[in-house]
Amino acid sequence: MNASSGDEIDDVVGAWRRERPDVDVSSIGIVAPVLRLAALVAERRAGVLAAHELDQSHLDVLGVLRRSGPPYRLTAGELSRRCRVTPGATTQRVQSMERAGLVERVREEPDRRTVHVRLTTSGLRRLDEVFAEVVAADESLLAGLTPPQRAALETALRGWLDVVQAGLPATRPESS
């Protein structure tokens, strides 16, 4: 975080301490930079993906299917769980991506009741084209950090995520 971002956040924290001395606002010093970073990462990714006529929801589905290994297919329920979205959102994503030729729905033989979502050859090719660019864009945002800083940040963020997720209700979708 550069000095101006840090100064700005310090100003916000200071103003809240002045206005609400009864409330511990120290969390703002952590949460505000995380929110700003999340917005910057999302903006950078959106730009890369838009150049390929994709969005983050497409990348999520394509990536989950690709990481599942050959034959690159999962049930819709498993796809929902791994993408951490509702079944309705999964249906919308799959329909859109099916129209674009990136995925297809395949019925399981012999009873055909089980439906899988499978990455098409076109979807696999499209993901492989964009994936390296997405990772390079992410990497460019980390370029100013030293290896020890990156390791410490990764450890701290994963630890925080574990603590927060442990406090969530069990009905929440699992992380992939």
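The values are calculated or read from the model by the stated rules, or taken from the named source; none is laboratory data. Everything numeric in this text was worked out from a predicted model, so none of it was measured. Methodologically, a virtual Cβ is constructed for each residue, glycine included, from the backbone with ideal geometry; neighbour enumeration extends over all protein chains shown. The accessibility values were calculated without ligands, DNA or RNA, using every heavy atom of the protein model including side chains. Shrake-Rupley method; radii C 1.70, N 1.55, O 1.52, S 1.80 Å.
Give me the accessible area per residue for the chain, probe 1.4 Å, as a whole number in Å².
Ligands and nucleic acids excluded, the result is 66 Å² per residue.
Over region 4-94, what is the relative contact order in percent, taking alpha-carbon pairs closer than 8 angstrom and at least six residues apart?
Averaging sequence separation for qualifying contacts and normalising by length gives 16 percent for region 4-94.
Using only the alpha carbon atoms of region 107-176, find the Kirkwood hydrodynamic radius as the inverse mean reciprocal pair distance, in angstroms to one decimal.
Across region 107-176, the inverse of the average 1/r is 16.5 Å.
Hey, if you drop one equal point scatterer on each alpha-carbon of the chain and run the Debye formula without solvent, what base-10 log of I(q)/I(0) do you get at q = 0.08 Å⁻¹?
Evaluating at q = 0.08 Å⁻¹ gives log10 I(q)/I(0) of -0.37.
Cα axis of helix 121-142 to longest principal axis of the chain: angle in degrees, 0 to 90, nearest 10?
Orientation of helix 121-142: about 10 degrees from the principal axis.
What is the sum of charges around Arg17, taking Lys and Arg as +1, Asp and Glu as -1, for the other residues whose C-beta is under 13 Å from the C-beta of Arg17?
Summing Lys and Arg as +1 and Asp and Glu as -1 gives -3.
How high is the relative contact order of the chain? Use alpha-carbon pairs under 8 Å, at least six apart in sequence, and give a whole percent.
21
Asp22: accessible area at probe 1.4 Å, nearest 10 Å²?
110
Return the carbon/sulfur percentage of the accessible area of region 1-96, one whole number, probe 1.4 Å, all protein chains in place.
Whole-percent figure for carbon plus sulfur exposure: 56.
Roughly what percent of Cα-Cα pairs across region 1-85 reach past 19 Å?
Here the long-distance tail beyond 19 Å is 60 percent of all Cα pairs in region 1-85.
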